[in-house]
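Peer 1: The structure follows.
The values are calculated or read from the model by the stated rules, or taken from the named source; none is laboratory data. For clarity, every value in this text was computed on a predicted model and none was experimentally measured. When we count neighbours, we look across all protein chains shown, and the Cβ atoms used for this are built from the backbone with ideal geometry, even at glycine.
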Amino acid sequence: MDALQICSWGNDLKPVLKINKICASNLCFIDNLHSVRILEGLQSQRKNEDLCDIRFETDDGTIVFAHKCVLMAASPYFSAMYSNFDESNKDLVDILVKKLDSTALQLLVDYIYTGEIIVTKENVQVLLQSANILQLDFVSAACTKVLQKQLDASNFLGIRALADLHN
């Protein structure tokens with residue numbers, strides 16, 4: 001029997017215990033919130049600057065801490081950056097980021113750890129540019145949706161130019 005629910009605590013984000021599949025004579029269980037709790041723990045470490053091995057500094061002096069392994073798992077850009085360079089073996093990597101807006105960088109790193117991003121008409125352009133650089137396709141698609149909803153005769157040419165710039 002696949003996915004047989006045997007115990008539930010309701011809708012309050014507590015685990016629902018399910019039998020995923022029967023493995024020989026053993027029952028295999030999947031904790032659907034396990035990965036969420038892991039990322040919440042890593043996000044907490046990041047916010048407290050604990051066990052972080054990368055530190056970004058933007059042009060305006062903003063510092064953003066992170067874990068290389070989390071960034072690499074979420075973004076082909078970071079994976080390529082840390083796989084083949086000297087930075088991959090350093091305990092703490094300092095990177096001066098000139099191409100990315102500090103607010104966008106913070107929002108995108110938060111997205112990598114939480115899976116949530118708030119796209120507004122004020123930040124959509126800088127987020128789209130930064131998400132494309134970091135190869136965060138979900139965020140790029142979200143930005144595209146916001147731009148599509150804003151499209152009207154008064155801003156068509158500007159949005160078209162932005163679309164051409166970012167494919």
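Peer 1: Can you name every one of the helices (runs of 4 or more DSSP H) wholly within region 77-167 that holds 2 or more residues which are closer than 18 Å to Thr62 by Cα and at pLDDT 90 or above?
Peer 2: By residue number, 102-114, 124-134.
Peer 1: Hey, another quick one. Within region 105-130, how many residues are within 20 Å of Leu39 (Cα to Cα) and surrounded by 19 or more Cβ atoms within 10 Å (Cβ to Cβ)?
Peer 2: 7
Peer 1: Inside region 1-73, counting only strands (runs of 3 or more DSSP E) that do not spill past its ends, which hold 2 or more residues that are aliphatic (A, V, I, L, M) and either at pLDDT 60 or above or surrounded by 11 or more Cβ atoms within 10 Å (Cβ to Cβ) (or both)?
Peer 2: In region 1-73, 17-23, 63-66 are the strands (runs of 3 or more DSSP E) which contain 2 or more residues that are aliphatic (A, V, I, L, M) and either at pLDDT 60 or above or surrounded by 11 or more Cβ atoms within 10 Å (Cβ to Cβ) (or both).
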